[in-house]
Structures are given as C-alpha cells and as structure tokens.
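One structure is given here, and the rest of the page talks about it.
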C-alpha cells in the first residue's frame with residue numbers, strides 16, 4: 001500500500017487518463033473514462049460535466065476511485081456504458097476495477113462550478129472542478145504507471161519528422177497543423193520530459209523547413 005502518487009508515475013502539473021469508478025448510496029456502480037490532473041503528491045483535480053452519473057455519485061458520497069490501466073478495451077467499455085464487460089468490485093462504500101494495474105481512493109475536498117468563459121470545449125456546457133485527496137493507493141501490477149497521452153502526441157510528431165523531407169507542400173501544411181495540435185495537447189497534459197522533447201522537436205522541424 002502507498003500514499004504517494006509518485007509511486008504510480010504521476011507528476012505534479014501533468015494530466016492523466018483513467019477510469020473513474022463511483023457508487024451511489026443505493027450501491028449502484030458506475031465507471032467512466034475521465035482525465036485527472038495531479039496537483040501534488042497527494043491531491044488531484046478533475047473536470048466533470050453536469051449530468052454525468054460520475055458527478056452525481058461524487059456529490060452524493062464524497063468518494064470516488066481512480067483506476068489506472070492501459071487496456072484500451074476497458075476505456076471503450078466504460079465510455080460506451082458496457083458495465084457488464086467490466087469487472088467492478090464493491091468494497092464497503094467504494095467500487096473499483098478488479099483488473100486495474102493500480103487504483104486509488106479519493107476523498108473530495110471541494111466541488112466548484114467552472115467558469116464557462118474559460119471552457120475550452122463548449123462554452124455552453126456546465127462543468128465542475130472536483131478537488132480530492134488521495135487517501136490510499138493499491139498497486140496490483142509492478143511498474144504500474146498512470147497513462148499520459150502527451151507521449152503519444154509526441155511520438156506522432158516524431159514520426160512526421162522522419163518524413164518531412166519527402167513530402168509535398170500540401171502534405172507539409174497537414175503536418176504543420178498536426179504538429180501544432182500535438183504541441184497544444186502536450187503543453188496542456190504532458191509531463192516535463194515530454195514537453196522538453198517537443199520543444200527540441202519544434203526546432204528540428206523548423207530546421208527542416210516546416211513553417212512553424
């Protein structure tokens with residue numbers, strides 16, 4: 001058992017992908033894929049939209065579980081609502097994924113409505129920022145690490161770098177737009193080493209003639 005988010009590779013300021021499992025007071029379980037921001041070694045924050053079962057359950061109980069996995073089928077089943085395909089386990093007043101690489105229990109510290117004017121997805125959507133404290137981490141798989149999509153965005157751009165010399169101008173415009181979007185994602189979610197690597201890659205792309 002651990003209490004440090006560093007033990008599952010989470011870095012303050014970075015955002016990760018995870019499966020949230022919640023349960024209402026009637027014992028009904030729910031699972032959903034939602035991002036999580038690491039605030040420090042013990043606190044996390046999540047942006048959750050109004051109308052979701054996840055938010056309703058969190059408001060009702062003040063507890064939720066963040067499950068760490070890199071299994072794409074689990075993310076898909078949770079998103080599509082295929083709960084029967086997920087092995088959810090009830091443990092007193094929480095629910096967790098039986099096959100998670102790791103999971104940690106979160107105790108809510110605050111729930112605040114997000115300013116819609118700052119919304120980067122949909123200004124009309126009502127959402128909340130949930131701040132919570134990690135109170136217990138369970139690691140089921142040695143080397144378990146929270147999934148950060150910034151790395152994958154970097155790898156896509158790195159592949160593009162190998163092809164810049166052999167593509168036409170139209171394709172270069174496509175690569176430029178993809179790089180800028182990957183750069184935006186990385187700046188928002190990635191860990192520090194990926195941000196540094198992307199900054200270097202930007203310089204290399206410019207050297208190859210990509211107009212960034």
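Every number in this text was worked out from the coordinates using simple rules, so none of it is lab data. All values derive from a computational prediction rather than experimental measurement. Because the Cβ atoms are built from the backbone with ideal geometry, glycine has one as well, and the counts that use them run over all protein chains shown.
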Revision key, fill the gap. Over its alpha-carbon atoms, region 35-120 yields an Rg and a Dmax in Å of 13.8, 39
**Study point:** Rg/Rh for region 102-198, where both radii come from Cα atoms and Rh is the Kirkwood radius
**Key:** 1.11
Check your understanding: Semi-axes, largest first, in whole Å: what does sqrt of 5 times each Cα gyration tensor eigenvalue give for region 150-207?
Key -> 20, 11, 9
Exercise for review: Would you give the gap between the C-alpha center of region 1-80 and the C-alpha center of region 158-212, rounded to a whole Å?
Suggested key: 31
Exercise for review: Enter the angle in degrees (range 0 to 90, nearest 10) between the Cα long axis of helix 169-189 and the first principal axis of the Cα atoms of the chain, meaning the one along which they spread out most.
Suggested key: 40
Review point. Over region 5-139, what relative contact order in percent results from Cα pairs under 8 Å that are six or more residues apart?
Key: 27
Review point. Given (1) 1, 7, 14, 16, 17, 15, 11, 8, 6, 4, 1, 0, 0; (2) 1, 7, 14, 16, 13, 10, 9, 8, 8, 7, 5, 2, 1, 0; (3) 1, 7, 14, 19, 21, 20, 12, 5, 1 as candidate values of P(r) over Cα pairs in 5 Å bins from 0, in percent, which corresponds to the one derived from the coordinates?
Key: (1)
Review point. Between residue 71 and residue 163, what FRET efficiency follows from the Cβ-Cβ distance if R0 is 30 Å, with the result rounded to 0.05?
Key: 0.50
Study note, to complete from the structure: Extend 7 Å from the Cα of residue 110 along its Cα-to-C-beta direction; within region 133-157, residues with backbone N under 18 Å of that point are 133-134
**Study point:** Order of 69, 138, 21, 200 under a 10 Å beta carbon neighbour criterion, fewest first
**Key:** 200, 138, 69, 21
Practice item. Could you tell me how many degrees, from 0 to 90 and to the nearest 10, lie between the Cα long axis of helix 192-207 and the main elongation axis, the longest principal axis, of the Cα atoms of the chain? Key: 20
